[in-house]
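The values are calculated or read from the model by the stated rules, or taken from the named source; none is laboratory data. Please read all numbers here as calculations on a predicted model, not as lab measurements. FYI the Cβ positions are ideal-geometry reconstructions off the backbone, even for glycines, and counts take in every protein chain you see.
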Amino acid sequence: MKEDLTNPIFEKRGYIQVYTGDGKGKTTASLGLTMRALGRGWNVLIVLFAKGGDHYGELYSFRELSPKLAEHLTITQAGLDRIVYSDNITDLDRIEIAKGWDFVKEVAQTGKYQLIVLDEANIAMDLGLINVNDMKNFLLSKPDELEIVLTGRNAPQEIVDIAHLVSRIIPVKHYWNIGVSAREGIEF
């Protein structure tokens with residue numbers, strides 16, 4: 001039987017979104033969604049996996065939100081003050097990401113948030129820092145009204161299969177290929 005999407009129940013339902021691929025814009029898309037949700041009075045949690053530090057432009061912007069919007073936003077970093085790659089993972093990375101992941105699993109069940117953004121969670125799974133089956137079980141047992149967004153390259157197929165929306169961002173052309181470094185205000 002086909003679901004009646006005009007039924008008001010679907011307005012309250014939370015879906016699973018995945019932004020993945022090698023192109024630029026995965027985190028940016030999730031942050032745009034965050035601003036839209038905040039503008040509608042939603043409570044939003046952003047957890048940054050595999051991307052630490054507080055020097056990102058979006059963090060500066062979020063710190064300057066109006067008090068009315070800021071009271072609806074929580075940002076948690078589940079990592080060290082650096083970006084984690086396959087060749088620089090340490091035991092401390094594993095500990096910090098595990099603590100952040102445990103926090104997400106606990107807070108998701110409280111009903112406090114309507115949107116949770118798991119930034120770079122796909123990378124954390126790809127690097128073995130979050131167990132894919134654990135993530136899959138978490139997503140399948142999330143509260144029905146909770147929207148969850150996962151960003152990062154290399155989204156596992158098991159997660160893509162259960163997601164309701166998947167955007168694969170593919171680079172067609174990028175100025176990095178001609179030697180342009182990451183630019184403050186654009187890439188971070």
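Quick one: which residue in Gly185, Gly152 is closer than 22 Å to Tyr56 by Cα, buried (at least 20 other Cβ atoms within 10 Å of the Cβ), small (Gly, Ala, Ser) and in contact with a helix residue (DSSP H, G or I) (Cβ under 8 Å, 6 or more places away or on another chain)?
Details: Gly185 fails: buried (at least 20 other Cβ atoms within 10 Å of the Cβ).
Result of the check over Gly185, Gly152: Gly152.
Take the residues in the stretch 3-21 that are part of a loop (DSSP other than H, G, I, E, B) and at pLDDT 95 or above; name whichever of them is surrounded by the most Cβ atoms within 10 Å (Cβ to Cβ).
In the first step, residues of the stretch 3-21 are kept if they are part of a loop (DSSP other than H, G, I, E, B); the result is 3-8, 13-15, 21.
Those left that are additionally at pLDDT 95 or above: 14-15, 21.
Working: Gly14: 17, Tyr15: 14, Gly21: 19.
Checking each candidate, the answer is Gly21.
Yes/no per residue for (1) over 14 Å from the mean Cα position of the chain (by Cα); (2) not acidic (Asp, Glu):
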{"position": "Val107", "(1), (2)": "yes, yes"}
{"position": "Thr110", "(1), (2)": "yes, yes"}
{"position": "Leu115", "(1), (2)": "no, yes"}
{"position": "Ala121", "(1), (2)": "no, yes"}
{"position": "Asn133", "(1), (2)": "yes, yes"}
{"position": "Ser141", "(1), (2)": "yes, yes"}
{"position": "Glu145", "(1), (2)": "yes, no"}
{"position": "Leu150", "(1), (2)": "no, yes"}
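Among the criteria (1) under 16 Å from Glu187 (Cβ atoms); (2) part of a helix (DSSP H, G or I); (3) in contact with a strand residue (DSSP E or B) (Cβ under 9 Å, 6 or more places away or on another chain), the one Tyr60 does not fulfil is (3).
Residue-wise test of (1) of a type in the set (D, E, K, R); (2) under 23 Å from Arg153 (Cβ atoms).
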{"residue": "Glu64", "(1), (2)": "yes, no"}
{"residue": "Leu80", "(1), (2)": "no, yes"}
{"residue": "Val84", "(1), (2)": "no, yes"}
{"residue": "Asp87", "(1), (2)": "yes, yes"}
{"residue": "Asp91", "(1), (2)": "yes, no"}
{"residue": "Asp102", "(1), (2)": "yes, no"}
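Considering only residues that are among the β-branched types (Val, Ile, Thr), farther than 20 Å from Thr34 by Cβ and surrounded by fewer than 16 Cβ atoms within 10 Å (Cβ to Cβ), which ones fall in the stretch 79-127? Within the stretch 79-127, Ile83, Ile89, Thr90, Ile95 meet the criteria.
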